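Inspection log for the structure reproduced underneath, given as structure tokens.
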Amino acid sequence: MGKTTGFLEFDRKIEAYTPVEERLKHYKEFTVPLERKELKDQGARCMDCGIPFCHSGCPLGNLIPDFNDAVYRGKWEKAAAILHSTNNFPEFTGRLCPAPCEEACVLGINEDPVSIENIEKNIVETAFKEGWVQATPPEKRTDKKIAVIGSGPAGLAAAQQLNRAGHSVTVFERDEKPGGLLRYGIPDFKMEKQVIDRRLQILEEEGITFKCGVHVGVDIKADALKADFDAVILCGGATVRRNLPIEGANLKGVVQAMDFLPQNNRRVDGIQDFENELLATDKDVIVIGGGDTGSDCIGTSFRHGAKSVSNFEIMPMGTTERPEGQPWPFWPMRLRTSSSHKEGAERFFSISTKKFLGDKDGNLTGLVTAEVAWVPQEGKRPLLKEVEGTEKEWKCDLALLALGFTGSEMTLADQFGLEIDQRTNIKASEKDYKTNVPGVFVAGDQRRGQSLIVWAISEGRQAAHHVDSYLMGASVLPLKGEGDLPRV
């Protein structure tokens with residue numbers, strides 16, 4: 001598998017970034033691709049490790065050693081077929097996934113892991129460039145009609161799989177274009193939207209119908225879906241934002257990240273008319289929340305021309321190495337520094353925002369914080385405690401709340417009469433993704449809560465198998481790790 005001594009001969013290498021001063025002038029992707037020889041060497045680093053733990057680290061069960069070996073041997077079309085056999089959209093995961101497969105890589109025990117994500121991205125980009133990614137409509141159709149609610153990665157994956165099984169699939173999306181979080185949450189500098197559009201063209205050519213600007217639950221009720229379709233899959237995102245219930249939270253300038261980011265994506269797409277324009281230009285910006293959404297706010301604020309950008313995280317600063325108690329091959333909660341962080345943001349850890357400050361006109365002018373400590377408690381979660389004497393006032397014109405989500409909207413779930421679990425997700429069987437209402441299935445964030453794009457694709461694929469089985473008595477669609485028909 002790969003070159004026997006490759007992991008001894010070649011160091012890990014990934015794409016470089018263009019200089020900060022250059023990339024802040026635009027919203028395009030800014031990575032510098034590796035040369036073909038360099039990619040071959042990276043594929044050669046994949047070890048013949050006996051048990052490839054990367055398989056279990058990947059929620060899709062991608063056949064990673066197989067496509068690495070194909071890249072090493074220069075068999076790029078074969079690599080593309082292998083990659084697509086388990087992953088409908090490697091162009092998304094190759095750009096946006098945090099790569100749990102790499103944390104589970106055997107080489108990562110004592111060396112830098114194989115650069116799996118970057119190899120994946122280059123495989124699919126080569127496949128598109130060479131024309132290997134072609135629409136493959138099913139040879140014959142069943143008489144079954146399926147509604148997929150939500151066009152994020154879970155909905156798109158479910159739709160493509162069920163279409164491959166010959167069913168007639170309609171995807172409903174309340175926004176003006178398909179893509180969900182991929183289109184309206186992820187900044188273009190991380191993934192340009194033509195990447196979504198070229199894949200959507202393939203899906204449409206395969207026979208999937210998209211109906212955008214349709215808010216299911218409002219424009220179309222649950223009863224109408226039941227009457228018109230043989231099965232329904234709910235694949236909406238976890239869109240209910242977490243608020244910060246402190247003094248001054250209603251001041252102008254305290255903005256949810258998921259209002260700020262979608263507006264900017266629409267602006268980049270050419271939409272200019274906004275009732276309330278959200279811009280960081282010439283402002284002192286504080287992003288509250290240290291995850292990916294916070295990072296995206298940082299990069300967007302710099303491109304707006306913010307005066308300064310600071311990032312607050314209530315958790316302690318992580319270590320660059322694996323923490324004790326999170327050994328290989330488990331996912332470690334280590335410190336992660338994104339390209340946006342490197343663009344000039346100052347990061348503060350173990351800090352809590354106590355109140356927002358404003359002027360007489362209701363405009364945000366600053367905020368007050370305190371340092372916090374996490375006190376261990378035997379048998380319980382650590383206790384958050386404010387450190388006395390650490391209050392500090394900060395100048396701030398724009399505070400962006402990137403605090404995650406508490407669940408998904410329940411209008412449609414209420415109309416269907418669906419059961420909700422303790423985490424405010426729609427309750428569905430882990431075994432077959434069925435809800436308590438016959439013919440209604442759920443996948444992605446609405447079933448498992450806010451999660452990764454790679455998990456959403458996996459959920460969509462799994463749900464499609466079970467919907468197919470429900471409709472036909474058995475399914476030709478694969479489950480995780482089984483691999484699909486070798487189609488690109």
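The values are calculated or read from the model by the stated rules, or taken from the named source; none is laboratory data. A quick note: this is a predicted structure, and the numbers were derived from the prediction, not measured. Note: ideal-geometry Cβ built from the backbone for every residue, glycine included; neighbour counts use all protein chains shown. These accessible areas exclude ligands, DNA and RNA; they are computed on the full protein's heavy atoms, side chains included. Shrake-Rupley method; radii C 1.70, N 1.55, O 1.52, S 1.80 Å.
Output the peptides 167-176, 455-464, 143-152, 328-337 sorted from most to least packed, where packing is the average of other Cβ atoms within 10 Å over each peptide's residues. Don't jump to the answer; show the numbers that get you there.
Details: 167-176: 21.1, 455-464: 28.4, 143-152: 23.5, 328-337: 14.1.
Sorting 167-176, 455-464, 143-152, 328-337 by mean packing, highest first, produces 455-464, 143-152, 167-176, 328-337.
Using a probe radius of 1.4 Å on heavy atoms only, what accessible surface per residue do you get for the chain? Whole Å² is fine. Each step should come with its number before you reach the end.
Numbers: 22550 Å² over 488 residues.
Heavy-atom SASA per residue in the chain reads 46 Å².
Normalising by the residue count of the range 26-100, find the relative contact order in percent from Cα pairs under 8 Å and 6+ residues apart. Please list the in-between numbers first.
Details: 54 pairs, mean separation 21.4, N = 75.
Worked out over the range 26-100, it gives 29 percent.
First compute the accessible area of the range 60-164 with a 1.4 Å probe, then give the percent of it belonging to carbon and sulfur atoms. Could you put the intermediate results ahead of the total?
Details: 1460 of 3350 Å².
Ligands and nucleic acids excluded, carbon and sulfur give 44 percent.
Would you work out what percent of the accessible area of the range 362-442, with all protein chains in place, is carbon or sulfur (probe 1.4 Å)? Intermediate results must be reported in sequence, preceding the final value.
Values: 2330 of 4750 Å².
Reported share for carbon and sulfur atoms: 49 percent.
Going down the table (K283/K342; K78/K193; K75/K129; K307/K395; K121/K190), which pairs top 21 Å between alpha carbons?
Working: K283/K342 19 Å; K78/K193 27 Å; K75/K129 15 Å; K307/K395 11 Å; K121/K190 13 Å.
Pairs exceeding the cut-off: K78/K193.
Would you kindly derive the ³J(HN,Hα) couplings of the range 331-342 from the backbone phi angles with the Karplus curve 6.51 cos²θ - 1.76 cosθ + 1.60 (θ = phi - 60°), listing them in order in whole Hz, with x for Gly and Pro?
5, x, 8, 9, 5, 10, 10, 8, 4, 5, 4, 6
Return the sequence-ordered ³J(HN,Hα) values of the range 75-80 in whole Hz as given by the Karplus equation 6.51 cos²θ - 1.76 cosθ + 1.60 applied to θ = phi - 60°, using x for Gly and Pro.
With the stated coefficients, the range 75-80 comes to 9, 5, 5, 5, 4, 5 Hz.
Considering the dipole of the chain built from charges on the beta carbon (Lys and Arg +1, Asp and Glu -1) around the Cα centre, which of P113, V171, I271 is farthest to its positive end?
V171
Sorted by average packing, counted as other Cβ atoms within 10 angstrom per residue and highest first, what order do 465-471, 225-231, 440-446 take? Present the calculation step by step, with values, prior to reporting the outcome.
On the way: 465-471: 21.4, 225-231: 17.3, 440-446: 29.1.
Order by mean packing, descending: 440-446, 465-471, 225-231.
Got a number for carbon plus sulfur as a percent of the range 215-356's accessible area, 1.4 Å probe? Mind showing how you got there, number by number?
On the way: 3480 of 6950 Å².
Whole-percent figure for carbon plus sulfur exposure: 50.
Report the local net charge at N311: Lys and Arg +1, Asp and Glu -1, summed over other residues whose C-beta lies under 14 Å from its C-beta.
Numbers: positive: R336, K342, R347; negative: D284, D292, D296, E313, E343, E346.
Result for the local shell: -3.
Give the cysteines in the chain for which no other Cys Cβ lies under 4.7 Å away, or write none if there are none.
C46, C49, C97, C105, C212, C235, C297, C396
Could you let me know the centre-to-centre spacing of the range 221-265 and the range 58-78, using Cα atoms, in angstrom?
37
Taking only C-alpha pairs under 8 Å that are 6+ residues apart, what is the relative contact order of the chain in percent? Provide the component values of the computation, followed by the final result.
Details: 1023 pairs, mean separation 87.5, N = 488.
18 percent.
Can you list the lysines whose alpha carbon sits under 29 Å from that of K144, skipping same-chain ones fewer than 8 residues off?
Partners found: K177, K211, K221, K226, K427, K431, K434, K480.
On the first, second and third principal axes, largest extent first, how far apart are the outermost C-alpha atoms of the chain in Å?
67, 62, 52
Restricting to the chain, compute how many DSSP beta bridges are antiparallel as a %, nearest 5.
Values: 22 of 57 bridges.
The answer is about 40 percent antiparallel.
Sorted by mean Cβ packing within 10 Å, highest first, what order do the peptides 44-55, 24-35 take?
Values: 44-55: 19.6, 24-35: 14.3.
By packing density, highest mean first, the sequence is 44-55, 24-35.
Would you work out the relative contact order for the range 53-147, in percent, from Cα pairs under 8 angstrom that are 6 or more residues apart?
On the way: 100 pairs, mean separation 28.0, N = 95.
Averaging sequence separation for qualifying contacts and normalising by length gives 29 percent for the range 53-147.
Would you calculate, for the chain, the mean residue ellipticity at 222 nm contributed by helices, counting each DSSP H stretch of 4 or more residues as -39,500 (n - 2.57) and dividing by all residues, to the nearest 500?
Numbers: 18 runs with 156 residues, N = 488.
It lands at -9000 deg cm²/dmol.
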